[in-house]
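**Q** Just dropping this structure here.
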Amino acid sequence: MRDLVTRTPAQPTDRAAVASVTKTMTAIAVLKLVDDHLIGLDDAVNDVIPGFTSSLKPPGPITVRQLLSHTSGMPDVNDALPKDVDFRTLFPRPLTMDESLQLAGTLPWTAASVGSFKYSNTNYFALGILLQTLRHKPYVQIMQEEVFDPLGLRNTSLARVDPHEPGLLHGYVTLRGERIDTTDITLADPNPAGGAVSTMEDLNLLMAGLFQGRAVSVASLREMKTSPGFSPYGLGLWEHADGCSKESRHEGLGMFDDYLTVAVSSGDGRYQAAMTVTTPPMPAGFEDASTENKRDLLHGQIESTLNETLDRLCRPAN
């Protein structure tokens with residue numbers, strides 16, 4: 001159902017917050033910077049992103065590739081948030097991208113962490129600022145012009161949602177036993193790491209456009225598929241075994257307390273699948289740490305379901 005008040009049946013065309021699948025979208029826009037020769041994948045961003053060095057105090061040169069692949073060692077802004085059971089106190093006003101970097105900069109960033117995989121949302125806040133700096137446009141406008149419009153994502157946006165919007169899947173958590181509608185709660189605005197709201201059709205179009213070669217150059221797509229570290233993560237994409245091909249599948253994965261999303265494509269772009277699930281209302285992790293395991297399990301089940309289904313439906317490439 002779309003929400004627990006009206007109990008209106010959910011539809012496949014409904015919109016939902018897709019969390020970190022947004023990173024795949026942002027990565028496409030960044031690789032287009034590379035394709036347009038505005039910056040190189042292995043160029044340092046320290047003196048390119050305004051406030052990067054003063055806010056974050058990096059221990060050395062940090063490259064575009066390291067930001068995209070979570071191998072910069074950068075601290076995660078989420079770890080710098082207050083550990084308050086009442087999560088509503090965290091969102092009186094969404095953070096800007098610059099404020100997110102400053103907040104992450106209150107945590108240590110050691111030289112030893114650079115080069116190893118360490119998932120950090122701050123990497124993508126930095127990339128959002130990089131996009132704005134080199135395109136001389138707001139991040140939201142860049143994403144519309146460089147990703148959403150070219151790939152036909154008509155129902156995808158980065159604007160904060162109106163909870164009264166029709167055709168919107170509502171998310172919930174509980175707080176001390178009380179059910180809270182968290183549909184319009186967001187950490188940052190805009191949020192290049194997890195702020196997109198989309199449909200499953202649009203996520204399939206996103207992945208099809210990317211892997212069919214209509215989003216970035218052949219060379220950039222090859223780089224996106226390649227993990228530079230010791231984790232199955234390339235540049236904005238997770239890797240997963242393909243039961244129908246020697247080449248891996250690739251995924252965008254998104255997880256909030258209230259929404260879980262997986263978008264998967266074959267490496268050649270011949271087939272895609274996407275699913276989002278609004279979790280049963282349960283406490284956030286600050287109130288009950290065991291709920292994180294429940295969300296992880298459900299997220300893994302979604303991923304397995306999609307890939308097992310594609311294994312049964314796909315046909316080997318000629």
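**Q** In this structure, does E223 turn out to be surrounded by fewer than 16 Cβ atoms within 10 Å (Cβ to Cβ) and not aliphatic (A, V, I, L, M)?
**A** no
**Q** Given the conditions (1) farther than 18 Å from L158 by Cβ; (2) modelled with pLDDT of 95 or more; (3) surrounded by 17 or more Cβ atoms within 10 Å (Cβ to Cβ), which single one is not true for T110?
**A** It fails just one condition, (3).
One line per residue, one yes/no per condition, for (1) in contact with a Lys or Arg (Cβ under 9 Å, 6 or more places away or on another chain); (2) on the phi > 0 side of the Ramachandran plot:
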residue: I62; (1), (2): no, no
residue: G73; (1), (2): yes, yes
residue: D76; (1), (2): yes, no
residue: L81; (1), (2): no, no
residue: L101; (1), (2): no, no
residue: G115; (1), (2): no, yes
residue: Y124; (1), (2): yes, no
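**Q** Mind counting the residues in the range 151-190 that are in a strand (DSSP E or B) and either more than 17 Å from Q11 (Cβ to Cβ) or at pLDDT below 95 (or both)?
**A** Summing the residues that are in a strand (DSSP E or B) and either more than 17 Å from Q11 (Cβ to Cβ) or at pLDDT below 95 (or both) in the range 151-190 gives 10.
**Q** When you look at K294, is it surrounded by fewer than 17 Cβ atoms within 10 Å (Cβ to Cβ) and at pLDDT 95 or above, yes or no?
**A** yes
**Q** Out of T183, T199, T156, I need the residue that is touching a His at 6+ places or on another chain (Cβ under 6 Å) and within 18 Å of F256 (Cβ to Cβ). Which one?
**A** T183
**Q** Any residue in the range 223-234 that's free of Cβ contacts under 8 Å to residues at least 40 places away in the same chain: show its pairings with residues that are charged (D, E, K, R) at Cβ separation under 7 Å, as long as the two are six or more apart or on different chains.
**A** P232/E239
**Q** Among the residues of the range 173-188, count how many are touching an Asp or Glu at 6+ places or on another chain (Cβ under 7 Å) and crowded, with 19+ Cβ neighbours inside 10 Å.
**A** Total satisfying the criteria: 2.
**Q** Pick from the range 242-269 the residues that are in contact with a strand residue (DSSP E or B) (Cβ under 7 Å, 6 or more places away or on another chain) and part of a loop (DSSP other than H, G, I, E, B): which of them is surrounded by the most Cβ atoms within 10 Å (Cβ to Cβ)?
**A** D258
**Q** Can you pull out the residues in the range 88-98 that are assigned to a helix (DSSP H, G or I), surrounded by fewer than 19 Cβ atoms within 10 Å (Cβ to Cβ) and in contact (Cβ under 8 Å) with a residue 60 or more places away in the chain?
**A** R88, L90
**Q** Follow-up question, since we're still on this one. Please go through the range 301-318 and give me each residue that is within 23 Å of the chain's Cα centre (by Cα) and farther than 14 Å from A241 by Cβ, ordered by number.
**A** Of everything in the range 301-318, those that are within 23 Å of the chain's Cα centre (by Cα) and farther than 14 Å from A241 by Cβ turn out to be Q301, I302, T305.
**Q** Shifting gears a bit: So L4 fits all but one of (1) touching a residue at least 60 places away in the same chain (Cβ under 8 Å); (2) in contact with a Leu (Cβ under 9 Å, 6 or more places away or on another chain); (3) outside any helix (DSSP H, G or I); what number is the exception?
**A** So the condition that L4 fails would be (2).
**Q** Being closer than 30 Å to D268 by Cβ, part of a loop (DSSP other than H, G, I, E, B) and not small (G, A, S) is the filter here; which residues of the range 191-218 pass it?
**A** Result: P192, T199, Q212, R214, V216.
**Q** Identify all residues within the range 111-157 that are in contact with a strand residue (DSSP E or B) (Cβ under 9 Å, 6 or more places away or on another chain), aliphatic (A, V, I, L, M) and farther than 28 Å from S55 by Cα; write none if there are none.
**A** Once the filter is applied, which keeps residues that are in contact with a strand residue (DSSP E or B) (Cβ under 9 Å, 6 or more places away or on another chain), aliphatic (A, V, I, L, M) and farther than 28 Å from S55 by Cα, the range 111-157 yields only L153.
**Q** Among the candidates K23, K32, which residue alone is surrounded by 24 or more Cβ atoms within 10 Å (Cβ to Cβ), modelled with pLDDT of 95 or more and not aromatic (F, W, Y)?
**A** So the residue among K23, K32 that is surrounded by 24 or more Cβ atoms within 10 Å (Cβ to Cβ), modelled with pLDDT of 95 or more and not aromatic (F, W, Y) is K23.
**Q** Moving on to the next point. In the list T89, T24, T71, which residue meets the criterion of being within 30 Å of Y172 (Cβ to Cβ), touching a Pro at 6+ places or on another chain (Cβ under 8 Å) and among the hydroxyl-bearing types (S, T, Y)?
**A** Matching residue, one of T89, T24, T71: T89.
The values are calculated or read from the model by the stated rules, or taken from the named source; none is laboratory data. In this text the structure is predicted, and so the values were computed from the model without any measurement. Note: ideal-geometry Cβ built from the backbone for every residue, glycine included; neighbour counts use all protein chains shown.
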